[in-house]
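Undergrad: Please read through the structure below; I'll follow up with questions.
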Amino acid sequence: MKRDVHFILNGKPVTFSVEPRTTLLRALREYGVTSVKRGCEEGECGTCTVVIDDLAQKSCMVLALEAEGKSVLTVEGLVGPKGELHPIQQAFVDEGAIQCGFCTPGMIMSAYAFLRKTPDPTEEEIRVALAGNLCRCTGYIPIFRAVHKAAAVMRELGHIPGRAR
Amino acid sequence: MLAFEMERPRSLASAAEILEKHGSQAMVKAGGTDVLVWMRKHAVHPEVLVDLSEIPELKGISFYPHRGIKIGALATVNETAENEDVKRCYPALRDACLSHSDVLIRNKATVLGNICASVPSGDLIPAFAVHEAVLHVFGPGGERDIFFSDFITGPRKNSLMPGEIVVSATLPFPGERSAGCYLKLARRNALDLAQVGVACLAVDGEAGRTYRIACGAVAPRPVRATGAEKILEGVTAPGDDLLDRAGKAAAEASNPITDVRASREYRLSMVDELTKRAVALCAERLQGGRAS
Ligand SMILES: Cc1cc2nc3c(=O)[nH]c(=O)nc-3n(C[C@H](O)[C@H](O)[C@H](O)COP(=O)(O)OP(=O)(O)OC[C@H]3O[C@@H](n4cnc5c(N)ncnc54)[C@H](O)[C@@H]3O)c2cc1C
Ligand code: FES
Ligand code: FES
């Protein structure tokens, strides 16, 4: 039996009609939010990562009905009104941290939630924060570099950590 | 995943009512990181999933001086790891939390869900064993307490009666001068289940030094290595001989299986090794005069 779930998606209120067994991952994709990638659907790979009420979550491990009343952020929500990339996205482009791109939206959302809490991270902290996001292409090193760079840019821009642009 | 209905009760009483109404067709969900995977693999097929996540009585962690810390059923693994009182007084629990899955899953998975799943490799289990936790349960028969040592009865089996919900667990205060740790062996650092996990708690009480040691993933039920604990009792700086004997005793208390993650023989020799390391680490920390 389908039921309505109401939540804030990238700053706008939305209503989805879903079955109880529908995961947030599948619901988002069905409604056109295709940055959220369907990888393992078992919580292992991190390609489905979104930020819910400030916490990075694997959306295949969340039932869509659980999003009721919450705020959900995907990589689409990081892009500015004129299509400007967020500093984390720009750093991924600049540092060659994207090859096939399948892991990228999830990586960026993990990095986003992490940098809000840890604006000046160490290499070790970055590695731990991204341990739940797998990448089969880049060998991770350019990704860690990109997160370092994004952190520096965000500090310089005086981004209040925690504020979606 | 097969279709099911979902209930999201707002109080413990209403959750209990729903569970009573649907009987064996209902299943409880906290974080859901086990339940969702099991449903996907068709290992379980509840008709009604009772989501506890909107029940205020189940939230939070509170510390009561001299008595201990109470962990609510909805406290996530990350919330617990980051709790200041856990950092100060329950390092074995904190280590266990930080060894669990990855940062993202830990935002969803609950500590008590890990205990209730009762899987032998559950990372929180050895810490609950050495802290001699007490589970507070609510169900059709009212409230009751279950000692952790009586809780897990076998792989994925525990002593909860139908319709019962674990509301919270208390880990008694270990004492001002205590040290603890949890050492986990796995094939990789993140996102892997334990091949062997050993928790140790050393306490300097009125009667001198005591040790508590528990081993995970090495038997159908959690193992308290009481033989090893006796060997070490009263010794503040155990030497290699004593550590060797304690390690052997912990291995004797274990009865592991061979599976995809490790063979029985490897697990036995790793229980021995990790026990030695965990005890030495706790003794060293207390030697430094610092409780941690
Ligand atoms: C990718 C991934 C990695 C993982 N890595 C690890 C790991 O490293 N170490 C580890 O130990 N586990 C791991 N797990 C397993 C799982 O995350 C943990 O066991 C978790 O702590 C379970 O908590 P939960 O809140 O998600 O439980 P749920 O899935 O909600 O519930 C688990 C079980 O407990 C019951 N239950 C839950 N709460 C209650 C309650 N209050 N009263 C009565 N019954 C209850 C449920 O009915 C169910 O049977 C992993 C899982 C995934 C998906
Ligand atoms: S699809 Fe969610 S973690 Fe792999
Ligand atoms: S860029 Fe291909 S998986 Fe990471």
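The values are calculated or read from the model by the stated rules, or taken from the named source; none is laboratory data. The shown structure was predicted, so the numbers you read here are calculated from the model rather than taken from an experiment. Backbone-built Cβ (ideal geometry, glycine too); neighbour counts: all protein chains shown. Only protein heavy atoms, including side chains, enter the accessible area calculation; ligands, DNA and RNA are left aside. Shrake-Rupley method; radii C 1.70, N 1.55, O 1.52, S 1.80 Å.
Undergrad: Looking only at residues that are open to solvent by 30 Å² or more (accessible area, probe 1.4 Å) and within 30 Å of B:Ala15 (Cβ to Cβ) in segment B:174-221, which one is nearest to the chain's Cα centre (by Cα)?
TA: The residue in question is B:Arg221.
Undergrad: Related question: Across segment A:65-107, what is the number of residues that are part of a helix (DSSP H, G or I) and touching a strand residue (DSSP E or B) at 6+ places or on another chain (Cβ under 8 Å)?
TA: Total satisfying the criteria: 7.
Undergrad: Quick one: B:Trp38 ticks every box in (1) within 11 Å of chain A (Cβ to nearest Cβ); (2) farther than 18 Å from A:Ser59 by Cβ; (3) in a loop (DSSP other than H, G, I, E, B) except a single one, so which number is it?
TA: Single failed check for B:Trp38: (3).
Undergrad: For segment B:41-53, which positions are more than 8 Å from chain A (Cβ to nearest Cβ) and surrounded by 17 or more Cβ atoms within 10 Å (Cβ to Cβ)?
TA: Scanning segment B:41-53 gives B:Pro46, B:Val48, B:Val50, B:Leu52.
Undergrad: Something else: Looking at B:Glu47, B:Glu54, B:Glu79, which is the one that is out of contact with any helix residue (DSSP H, G or I) (no Cβ under 7 Å at 6 or more places or on another chain), touching a residue at least 40 places away in the same chain (Cβ under 8 Å) and more than 19 Å from B:Leu201 (Cβ to Cβ)?
TA: From the options B:Glu47, B:Glu54, B:Glu79, the qualifying one is B:Glu54.
Per-residue answers, yes or no, for (1) within 14 Å of chain B (Cβ to nearest Cβ); (2) buried (at least 17 other Cβ atoms within 10 Å of the Cβ):
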| site | (1), (2) |
| --- | --- |
| A:Arg3 | yes, no |
| A:Pro13 | no, no |
| A:Val18 | yes, yes |
| A:Ile52 | yes, yes |
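Undergrad: Picking from A:Glu30, A:Glu44, A:Glu19, which residue would you name as being closer than 27 Å to A:Ala129 by Cβ and either modelled with pLDDT of 95 or more or outside the structural domain of A:Ser110 (by TED's automatic domain parsing) (or both)?
TA: A:Glu44
Undergrad: Pick out the one residue from A:Leu63, A:Leu55 that is touching a Pro at 6+ places or on another chain (Cβ under 8 Å), within 16 Å of ligand 1 (Cβ to nearest atom) and in the same structural domain as A:Lys12 (by TED's automatic domain parsing).
TA: Exactly one residue qualifies, and that residue is A:Leu63.
Undergrad: Looking at segment A:33-50 only, could you name the residues that are open to solvent by 50 Å² or more (accessible area, probe 1.4 Å) and either more than 10 Å from chain B (Cβ to nearest Cβ) or not in a loop (DSSP other than H, G, I, E, B) (or both)? Don't jump to the end; show me each part of the working.
TA: Let us first name the residues in segment A:33-50 that are open to solvent by 50 Å² or more (accessible area, probe 1.4 Å), namely A:34, A:38, A:42, A:44.
Across segment A:33-50, the qualifying residues are A:Thr34, A:Arg38.
Undergrad: Does any residue in segment B:108-129 that is more than 14 Å from chain A (Cβ to nearest Cβ) and closer than 15 Å to B:Arg94 by Cα come within less than 7 Å, Cβ to Cβ, of a residue that is among the basic types (Lys, Arg) and away from ligand 2 (no atom under 16 Å from the Cβ) six or more places away or on a different chain, and which pairs are these?
TA: Pairs that qualify, where the first residue is more than 14 Å from chain A (Cβ to nearest Cβ) and closer than 15 Å to B:Arg94 by Cα and the partner is among the basic types (Lys, Arg) and away from ligand 2 (no atom under 16 Å from the Cβ), are B:Asp123/B:Lys184; B:Ala129/B:Arg224.
Undergrad: Would you mind stating whether B:Ala202 is among the hydrophobic types (A, V, I, L, M, F, W, C) and in contact with a helix residue (DSSP H, G or I) (Cβ under 9 Å, 6 or more places away or on another chain)?
TA: Answer is yes for this residue.
Undergrad: Please work out which one of (1) away from ligand 1 (no atom under 16 Å from the Cβ); (2) part of a loop (DSSP other than H, G, I, E, B) is the condition A:Leu134 fails and give its number.
TA: A:Leu134 satisfies every listed condition except (1).
Undergrad: Can you confirm whether A:Asp120 is under 25 Å from B:Val35 (Cβ atoms), more than 16 Å from ligand 2 (Cβ to nearest atom) and free of Cβ contacts under 8 Å to residues at least 40 places away in the same chain?
TA: No; evaluated as a whole, the condition is false for this residue.
Undergrad: Separate question: Inspect segment A:91-108 for any residue being away from ligand 3 (no atom under 14 Å from the Cβ) and outside the structural domain of A:Ile8 (by TED's automatic domain parsing) and give the result as yes or no.
TA: Within segment A:91-108, one or more residues are away from ligand 3 (no atom under 14 Å from the Cβ) and outside the structural domain of A:Ile8 (by TED's automatic domain parsing).
Undergrad: Taking only segment A:22-47 into account, find how many residues are away from ligand 1 (no atom under 16 Å from the Cβ), small (Gly, Ala, Ser) and over 22 Å from B:Phe4 (Cβ atoms).
TA: Residues flagged as away from ligand 1 (no atom under 16 Å from the Cβ), small (Gly, Ala, Ser) and over 22 Å from B:Phe4 (Cβ atoms) within segment A:22-47 amount to 2.
Undergrad: Residue by residue through segment A:79-120, note down the ones that are closer than 16 Å to A:Ala146 by Cβ, surrounded by fewer than 19 Cβ atoms within 10 Å (Cβ to Cβ) and within 14 Å of chain B (Cβ to nearest Cβ).
TA: Correct list: A:Thr118 only.
Undergrad: Can B:Leu104 be described as open to solvent by 10 Å² or more (accessible area, probe 1.4 Å) and within 28 Å of A:Leu134 (Cβ to Cβ)?
TA: No.
Undergrad: Name the one entry in B:Ala199, B:Ala179 that is in contact with a Ser or Thr (Cβ under 7 Å, 6 or more places away or on another chain) and in a strand (DSSP E or B).
TA: That would be B:Ala179, the only listed residue that is in contact with a Ser or Thr (Cβ under 7 Å, 6 or more places away or on another chain) and in a strand (DSSP E or B).
Undergrad: Now for a separate question. Quick one: in segment A:134-147, which of the residues that are closer than 21 Å to A:Cys60 by Cα and of a type outside the set (D, E, K, R) is surrounded by the fewest Cβ atoms within 10 Å (Cβ to Cβ)?
TA: A:Leu134
Undergrad: Quick check on A:Ala131: is it surrounded by 17 or more Cβ atoms within 10 Å (Cβ to Cβ), under 19 Å from A:Cys40 (Cα atoms) and away from ligand 3 (no atom under 12 Å from the Cβ)?
TA: On the way: surrounded by 17 or more Cβ atoms within 10 Å (Cβ to Cβ): yes; under 19 Å from A:Cys40 (Cα atoms): yes; away from ligand 3 (no atom under 12 Å from the Cβ): yes.
Taking the combined requirement at face value, the residue satisfies it.
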